[in-house]
Amino acid sequence: MNVKPTCEVIRQAAAELREAAKRLDREAVNLEESKNFEDVASVVNVLTNLFNNLRMDLLVARPVRELIHQNINLCEDREKD
């Protein structure tokens, strides 16, 4: 089974998580400095965008498509025999 596309999605998600962690660290520093809870809105924005952009659907969709493709090929090979 071709797992490369799924691995690419996982690596992209990991990169996005690392970037989000850096932004969250910066937001924590900003909050400590400003002492203004209104600054928490930017943290909510980071988290909301993060979960929307992780493309969890691809972790399911790609392997399912690969299985369907393999089954179609298997059926076609059997029909040829």
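The values are calculated or read from the model by the stated rules, or taken from the named source; none is laboratory data. This one's a predicted model, so the numbers in the text were calculated from it and none came from an experiment. For neighbour counting, all protein chains shown are included, and Cβ atoms are generated from backbone atoms with ideal geometry for every residue, glycine included.
Look through region 42-81, keep the residues that are β-branched (V, I, T) and surrounded by fewer than 14 Cβ atoms within 10 Å (Cβ to Cβ), and return whichever of them is modelled with the highest pLDDT.
We begin by selecting, within region 42-81, every residue β-branched (V, I, T); these are 43-44, 46, 48, 60, 64, 68, 72.
Within this subset, residues satisfying the condition of being surrounded by fewer than 14 Cβ atoms within 10 Å (Cβ to Cβ) are 44, 48, 60, 64, 68, 72.
On the way: V44: 90, T48: 86, V60: 78, V64: 82, I68: 86, I72: 84.
My answer is V44.
Pull out all pairs, ordered by first then second residue, where Cβ-Cβ is under 6 Å, the residues are six or more apart or on different chains, the first lies in region 8-30 and is within 15 Å of N52 (Cα to Cα), and the second is modelled with pLDDT of 95 or more and not aliphatic (A, V, I, L, M).
Pairs found: none.
Any residue that is assigned to a loop (DSSP other than H, G, I, E, B) and either of a type outside the set (D, E, K, R) or touching a strand residue (DSSP E or B) at 6+ places or on another chain (Cβ under 7 Å) (or both) - is there at least one of those in region 30-46?
The first filter runs over region 30-46 and keeps only residues assigned to a loop (DSSP other than H, G, I, E, B), leaving 35-36.
Filter once more, keeping what is either of a type outside the set (D, E, K, R) or touching a strand residue (DSSP E or B) at 6+ places or on another chain (Cβ under 7 Å) (or both): 36.
The answer is yes; a qualifying residue exists.
Has region 50-70 got at least one residue that is within 30 Å of M1 (Cα to Cα) and of a type in the set (G, A, S)?
To start, the set of residues in region 50-70 that are within 30 Å of M1 (Cα to Cα) comprises 50-70.
Now restrict to residues that are of a type in the set (G, A, S): 61.
Among the residues of region 50-70, at least one is within 30 Å of M1 (Cα to Cα) and of a type in the set (G, A, S), which makes the answer yes.
Filter region 40-81 for residues that are acidic (D, E) and more than 26 Å from the chain's Cα centre (by Cα) and give the result.
Of region 40-81, the ones acidic (D, E) are 57, 66, 76-77, 79, 81.
Within region 40-81, E76, D77, E79, D81 meet the criteria.
Cβ-Cβ below 7 Å, separation at least six or inter-chain, first residue in region 37-51 and within 15 Å of D25 (Cβ to Cβ) and free of Cβ contacts under 8 Å to residues at least 24 places away in the same chain, second in a helix (DSSP H, G or I) and of a type in the set (A, V, I, L, M): which pairs?
Filtered contacts from region 37-51: D39/L31; V40/L31; V43/L24.
Is it the case that N30 is more than 29 Å from T6 (Cβ to Cβ), of a type outside the set (D, E, K, R) and surrounded by 12 or more Cβ atoms within 10 Å (Cβ to Cβ)?
Working: more than 29 Å from T6 (Cβ to Cβ): yes; of a type outside the set (D, E, K, R): yes; surrounded by 12 or more Cβ atoms within 10 Å (Cβ to Cβ): yes.
Yes; evaluated as a whole, the condition is true for this residue.
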